[in-house]
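To start, the structure under review is shown below, and the notes come after it.
The values are calculated or read from the model by the stated rules, or taken from the named source; none is laboratory data. Predicted model, so just to flag it, every value in this text is computed and none were measured. Ideal geometry is used to build each Cβ from the backbone, glycine not excepted, and the neighbour counts take in all protein chains shown.
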């Protein structure tokens, strides 16, 4: 089972894997699992939390590193059941969102996963859904037949337009 789910710049998977092996020679590192670029999976490090802190600080090609909290088969029913086991870390006073990235062919879409997991977690926890600025984000990363789930703080949600940013108005001529 993968313990760290790492995203990196496309084409840099082997470089990232090599640098992670330098940081922890006992870790099993899989660059581009299933041929999917931009992903590196890490299993069996003796101290996954230590590696979780070291990798972003020392491997510049890495975009994000997450501690995988659960892995299941990539079926909608199993993903919902697994997500409900993780829902305990979301309190009724918090807001949450579900973000799914699906790689491979499946009988469901990423939106299907977001809706099914979101409804089940909302019913279980009583927490509110906030797709723009959630307190917590439940991530579902699907690679072929496996789904990797983890919960992160809402600030880790990548946004093109974050709070406090203003839209750029179109330049209408004149000189700069």
| task | Confirm whether residue 149 is within 20 Å of residue 75 (Cβ to Cβ) and either assigned by TED's automatic domain parsing to the domain that holds residue 86 or without any contact (Cβ under 8 Å) to a residue 24 or more places away in the chain (or both). | result | yes
| request: Could you tell me whether region 16-36 includes any residue that is in a loop (DSSP other than H, G, I, E, B), within 23 Å of residue 137 (Cβ to Cβ) and either out of contact with any strand residue (DSSP E or B) (no Cβ under 7 Å at 6 or more places or on another chain) or not assigned by TED's automatic domain parsing to the domain that holds residue 136 (or both)? | output: yes
| request: Could you please give the count of residues in region 37-53 that are surrounded by fewer than 16 Cβ atoms within 10 Å (Cβ to Cβ) and either assigned to a helix (DSSP H, G or I) or touching a strand residue (DSSP E or B) at 6+ places or on another chain (Cβ under 6 Å) (or both)? | output: 5
| message | Can you tell me which condition residue 79 does not meet? The list is (1) within 23 Å of residue 134 (Cβ to Cβ); (2) loosely packed, with under 15 Cβ neighbours inside 10 Å, and all the others hold. | response | (2)
| note | Inside region 90-131, the number of residues satisfying the requirement of being within 16 Å of the chain's Cα centre (by Cα) and part of a helix (DSSP H, G or I) is 6
